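Q: Below is a structure I'd like to ask you about.
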Amino acid sequence: MWSNISAAPFLLTGFPGLEIFNPWISTAFFAIYISILLGNGTLLFCIREDHTLHEPMYYFLAILAATDLGVTLTMMPTVLGVLWLDHREITWSLLFQAYVIHSLSIVESGVLLIMAYDRFITICNPLRYTSILTNAKVVKIGLGVLMRGFILIVPMIITLSRFPYCRSHVLSHAFCLHQDVNKLARTDITFNRLYPVVLISLIGFLDSLLILISYILIFGRMNCMMPICLKMRRTVILVI
């Protein structure tokens, strides 16, 4: 039994039973990999260079693009290494990979929430938009979303690093996830079973609920404004 994860070589299975299709699978993954890098990289470059895009909504889009890039750069090299080079062994870096993937998933949920909030302010309080979403507040919101994602995942990664593991163990994916490593621990894993479930349930439910409420309020505002817009249009037509 290994005393900690840093001394234990884990093996990635890749895609069992589909080995003969690895060249085709790897080609598809590589194409996706390049498209993600180019698409999100281009978006970040445009937002950085075009000063007309230096607004809250585009800052949030930049965070979303950076999040997508982070997940891709963390996961895809390992997947392609398994498919192309048959490099399946991984040790301590699996903790880092699992930490980044799960943290950025929470960050992405938070970014979608603040983008919904941005649209709510834009439509429901357009005259106060610049005073509500100042640059300082955008920075604070962005940092808050990042800190939420990266801090909430720390407890289960720390406990995962302290678990004892058996010598023979294989992960069921071509990259590392918390739940896969968790199954191979030879100790009480009650905390690591319950904590992610509670965490994802609360974050997923609360973020989705707040996004839904914001769009309900937006549609309600738009319905209220529709008669006013029609009346103004008729007035303009009559004047013409």
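Computed from the coordinates by the stated procedures, all read-outs in this text should not be read as laboratory data. Predicted model, so just to flag it, every value in this text is computed and none were measured. So basically every Cβ, Gly included, is an ideal-geometry build from the backbone, and we count neighbours across all protein chains shown.
Q: Pull up the stretch 163-218, narrow it to residues that are hydrophobic (A, V, I, L, M, F, W, C) and assigned to a loop (DSSP other than H, G, I, E, B), then point me to the one that is nearest to S26 (Cα to Cα).
A: In this case the residue turns out to be A174.
Q: Could you tell me whether the stretch 98-112 includes any residue that is free of Cβ contacts under 8 Å to residues at least 24 places away in the same chain and part of a helix (DSSP H, G or I)?
A: Checked against the condition, which is being free of Cβ contacts under 8 Å to residues at least 24 places away in the same chain and part of a helix (DSSP H, G or I), the stretch 98-112 yields no hits at all.
Q: For the stretch 155-180, how many residues are touching a residue at least 12 places away in the same chain (Cβ under 8 Å), aliphatic (A, V, I, L, M) and closer than 20 Å to S105 by Cα?
A: 5
Q: Among the residues of the stretch 37-82, which ones are part of a helix (DSSP H, G or I), surrounded by fewer than 17 Cβ atoms within 10 Å (Cβ to Cβ) and among the acidic types (D, E)?
A: E49 - this is the single residue of the stretch 37-82 that is part of a helix (DSSP H, G or I), surrounded by fewer than 17 Cβ atoms within 10 Å (Cβ to Cβ) and among the acidic types (D, E).
Q: Could you count how many residues in the stretch 66-117 are within 18 Å of the chain's Cα centre (by Cα) and among the charged types (D, E, K, R)?
A: Result for the stretch 66-117: 2.
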